[in-house]
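Trainee: The following block contains the structure, expressed as structure tokens.
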2 protein chains.
Amino acid sequence: MTSFLIIGHTASTDPSFSLNDLPGKAGRMDLLCRTVSSSLFLSHGIRQNIICDILLLGPPYPGRLIRFIGNEIKNLSPDERNIASFIKIGLAIPAGKTFRQASQGLYCRKAALADLLAEQEYAVLDESGTDIRTVPAENIPDAFILSDNRNYTEEEQSLIAGLTEFSLGPAIVHADHAITLLLNETDRRKSGWN
Amino acid sequence: MTSFLIIGHTASTDPSFSLNDLPGKAGRMDLLCRTVSSSLFLSHGIRQNIICDILLLGPPYPGRLIRFIGNEIKNLSPDERNIASFIKIGLAIPAGKTFRQASQGLYCRKAALADLLAEQEYAVLDESGTDIRTVPAENIPDAFILSDNRNYTEEEQSLIAGLTEFSLGPAIVHADHAITLLLNETDRRKSGWN
């Protein structure tokens, strides 16, 4: 499995957030929805070997982790509004320190970045990192952290300091676009493309 | 300038389409919105050298071409709902055979694929094409056609037969993801990355 963890610094943790204002009152939820979409969707199907975790740090309950699992999720569509409706379902269940299932392939728990870093080894997608195309396939890790439209906070930077950093190209792109580029690279390696 | 032309086989041409049902009643307008987003948006800005054309072939006026110009457009946000609101503005003006400006950087005209192919030389992004990574920079064209979630119709296939085809990788991806991959390739070439 390949895992993506996307930090949503302002993303609402109120399950009643409006589907009609994802960028505004829901705290750039639109961007997180697009990262779920680019993590999971192929043209005619769902990537089976992907876990997409979004860490929602907005009010009123900052620190909710929503997990989408590719080989379990059902009835997900790639549009932002549909994905946001799944996030609402995840936020609506009582959250504890371990994952609870909200619906098939959809889970929620409480989490802080420090917890997640203690549980799994991540790499960072960052424009200052090593060009992913130069990295041997066996050195491409299977878990990546990305930020939303905001830079990492100072606290986050101190937590992720020392993680391996990979760059995807000369332009600084949105997190969902970065995921698309990373998956293209791993698709190519697995299929023997250069 | 690099141009993308995305064919929306079912996309509504009724300017009153609902922003709350882009995938359904608006005819997979969500997908077209994401292609506009991936064509135009960098992390913190708009790509200045991009034209994104979407050809809407759904009812009631099939054959409306909406053009977004990167170095002119203002106040565009990357979320589907905002982009759809621009498309509604484009559809609301009277359409003739030449472009009329609907707002800054946003234009609309009547068009059929045959017209557009007669006006500009396009390449096709298709999984059966030449791997884009193997193509010398000078041979990468500056206009590309992509389809939405549907395959090209027989009539479209006959029109585009013979156009150069480029592939982006082994997986068949959504049109918006294909645009992200193509732009990464051209970004790399322009910046001296391999």
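Bear in mind that the values in this text are calculations on the coordinates, not laboratory data. Quick caveat: nothing in here was measured; it's all calculated off a predicted structure. FYI the Cβ positions are ideal-geometry reconstructions off the backbone, even for glycines, and counts take in every protein chain you see.
Trainee: Label position 7 Å from Cα toward Cβ: report the copy-to-copy distances for residue B:71 in nm, one decimal, ordered from shortest.
Mentor: 4.9
Trainee: Between the helical axis of A:80-92 and the dominant principal axis of chain A, each derived from Cα atoms, what acute angle in degrees is found, rounded to the nearest 10?
Mentor: 60
Trainee: If Lys and Arg each add +1 and Asp and Glu each add -1, what is the summed charge of the other residues whose beta carbon sits under 11 Å from the beta carbon of residue B:10?
Mentor: Values: positive: B:25, B:28, B:150; negative: B:148.
Residues near residue B:10 contribute +2 overall.
Trainee: Contour minus end-to-end for residue B:93 and residue B:172, with contour as 0.36 nm per residue of separation and end-to-end as the Cα-Cα distance?
Mentor: Length gained between residue B:93 and residue B:172: 24.9 nm.
Trainee: On a 31 Å Cα-Cα criterion, which of the cross-link pairs B:110/B:190; A:110/A:190; A:74/A:190; A:110/B:74; A:88/B:190 come out too long?
Mentor: B:110/B:190; A:110/A:190; A:110/B:74; A:88/B:190
Trainee: Put a label point 7 Å from Cα along the Cβ direction on residue A:16, then list its distances to the equivalent points in the other copies in nm, shortest first.
Mentor: Listed shortest first, these distances are 3.2 nm.
Trainee: Suppose we keep just the DSSP beta bridges with both residues in the protein assembly as shown; what percent of those would be antiparallel, to 5?
Mentor: 45
Trainee: For a quick check, take a GNM of chain B with Cα springs below 10 Å and name the residue from B:67, B:150, B:34 with the largest mean-square fluctuation.
Mentor: B:150
Trainee: Tabulate in residue order the Karplus-calculated ³J(HN,Hα) for the stretch B:15-27, using 6.51 cos²θ - 1.76 cosθ + 1.60 with θ = phi - 60°, rounded to whole Hz; enter x for Gly and Pro.
Mentor: x, 9, 4, 7, 5, 8, 8, 5, x, x, 5, 7, x
Trainee: How far is residue B:121 from the same spot in each other copy, in nm, shortest first, if each label point sits 7 Å from Cα toward Cβ?
Mentor: 5.0
Trainee: For a Förster distance of 51 Å, can you work out the FRET efficiency between the beta-carbons of residue A:85 and residue B:191, rounded to the nearest 0.05?
Mentor: 0.85
Trainee: Alpha carbon centre of the stretch B:127-194 versus the stretch A:76-90: separation in Å?
Mentor: 29
Trainee: While we're on this one: What is the set of long-range amide H partners of residue A:79 at a cut-off below 5 Å, with H atoms built 1.01 Å from backbone N?
Mentor: Excluding prolines and chain starts, which carry no amide H, there are no hits.
Trainee: Okay, next question. Under a 10 Å cutoff between Cα atoms, tell me which one of B:165, B:155, B:121 has the largest fluctuation in the Gaussian network model of chain B.
Mentor: Its mean-square fluctuation being the largest, the pick is B:155.
Trainee: Out of the DSSP beta bridges found with both residues in chain B, what percent are antiparallel (nearest 5)?
Mentor: Bridges in chain B that DSSP calls antiparallel: roughly 45 percent.
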